[in-house]
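Step one of this worksheet: look at the structure below.
The values are calculated or read from the model by the stated rules, or taken from the named source; none is laboratory data. Note that the coordinates shown come from a computational prediction; the quantities given were computed from them, not determined experimentally. Neighbour counts are summed over all protein chains in view; Cβ atoms, including those assigned to glycine, are modelled from backbone coordinates with ideal geometry.
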Amino acid sequence: MSRYNGEYDDIINMERPLSPRRAKMPLRDRAAQFAPFAALTGFDDRIGETARLTDKKPELGDAETERLNEKTAAILENIKSRPLLEVIYFVSDSKKSGGSLEYYAGKIRKIDSIERKFIFEDCKIISADDIISIESEILY
């Protein structure tokens, strides 16, 4: 049962009076003022960032460090042949402590002994201090 009893029939279908001060707002703009409002802008992003997990950088033992040094020396001996290397290295997270391990495969162009960086043909640069593992056909 409707609560409308017909008492506004005389004005219900009348045109809106024109205002000399303001133009009529388009329907699209009128609808926008009732759009949902996010009072906590960025809150969901922060919650997601807090929930994202990072790993600690693996600590290499003396034997593992020595083995990486031996592999690096073998690569330096064969650097002119630009061998293909498969590297697992640690990437620090830019937003929180820790990071993640990443895999990269590419042909080595140069090893900068002073800066301690591996420079590949495609200009990828990996710090020697972040390398966890190196594999290559020339190392066997």
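Of the residues ALA74, ALA63, ALA51, which single one is small (Gly, Ala, Ser) and within 22 Å of the chain's Cα centre (by Cα)? Steps first, please.
On the way: ALA74 fails: within 22 Å of the chain's Cα centre (by Cα); ALA63 fails: within 22 Å of the chain's Cα centre (by Cα).
So the residue among ALA74, ALA63, ALA51 that is small (Gly, Ala, Ser) and within 22 Å of the chain's Cα centre (by Cα) is ALA51.
Of all residues in the stretch 57-107, those satisfying the criterion of being charged (D, E, K, R) and not in a loop (DSSP other than H, G, I, E, B) are ASP62, GLU64, GLU66, ARG67, GLU70, LYS71, GLU77, LYS80, GLU86, GLU102, LYS107. Remark: SER94 matches the filter, which requires a residue to be surrounded by fewer than 10 Cβ atoms within 10 Å (Cβ to Cβ), among the hydroxyl-bearing types (Ser, Thr, Tyr) and more than 23 Å from ILE114 (Cβ to Cβ). Looking only at residues in the stretch 28-47 that are among the aromatic types (Phe, Trp, Tyr) and within 30 Å of LYS96 (Cβ to Cβ), the one that is modelled with the lowest pLDDT is PHE37.
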